[in-house]
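Where a number appears in this text, it was derived from the coordinates with a stated rule and is not lab data. Remember, predicted model here, so these are calculated numbers, not experimental data. Here the Cβ is made from the backbone with ideal geometry for all residues, glycine too, and neighbour counts use every protein chain on show.
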Amino acid sequence: MAEDQESVLRKAFQMFDSKKCGRIEKEKVRTILNTLGHRFDDTELDELLDAEDVEGDGKLNFESFCRVAYHFQEEDDEAIQQELKEAFRLYDKEGNGFIPTSSLKEILAALDDQLNNDQLNEMIAEIDTDGSGTVDFDEFMEMMTGD
């Protein structure tokens, strides 16, 4: 888990740990996930919370809380990847598995209208490292997610 994510989770956990006992009620986890904008299935969340409630007292420690929150974070990553695949597919009309850098330039310009032509060309040069004039899905993903 990224440090900044853990920091956000720790702050949220501490806010809800009003007695400062290092544990929060399971129901508060649902509130925190909602506040952080995580999408989750209620039944799946209940099962995870029950599994992490090792003492059976309806409370989770910080590590357990992080495991639950991170579980739903992963789903968000998958959803993002799915959206990026769709965007890529729109420009890969032939289904070749790559798009011309000119199409990528259109995508980037649409995402950030503050970018000028030189900045766009620099970004394309960084992405199209082999100078092929095309970008495959992996290069596209790396650029969009920074992974």
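Structural remarks
- The distance linking region 100-147 with region 1-51 is 36 Å (Cα centroid to Cα centroid, whole angstrom).
- Whole-Hz ³J(HN,Hα) from phi, Karplus 6.51 cos²θ - 1.76 cosθ + 1.60, for region 34-39, glycine and proline x: 4, 4, 7, x, 6, 8
- Per-residue ellipticity at 222 nm computed for the chain from its helices equals -21000 deg cm²/dmol, with DSSP H segments shorter than 4 residues left out and the rest contributing -39,500 (n - 2.57).
- Qualifying GluC sites (Glu not before Pro) in region 54-106, where qualification requires a DSSP coil assignment and no more than 12 other C-beta atoms within 10 Å, comprise GLU55, GLU94.
- Listed candidates [x] 59, 29, 24; [y] 49, 46, 26; [z] 52, 30, 23 - label of the one calculated as Cα extents along the principal axes in Å: [x]
- Sparsely packed loop sites in region 1-83 (the trypsin sites (Lys or Arg not before Pro) outside DSSP H, G, I, E and B with at most 12 other Cβ atoms within 10 Å) comprise LYS19, LYS20, ARG39.
- Count, lysine Cα pairs under 21 Å in the chain, 8 or more residues apart or across chains: 14
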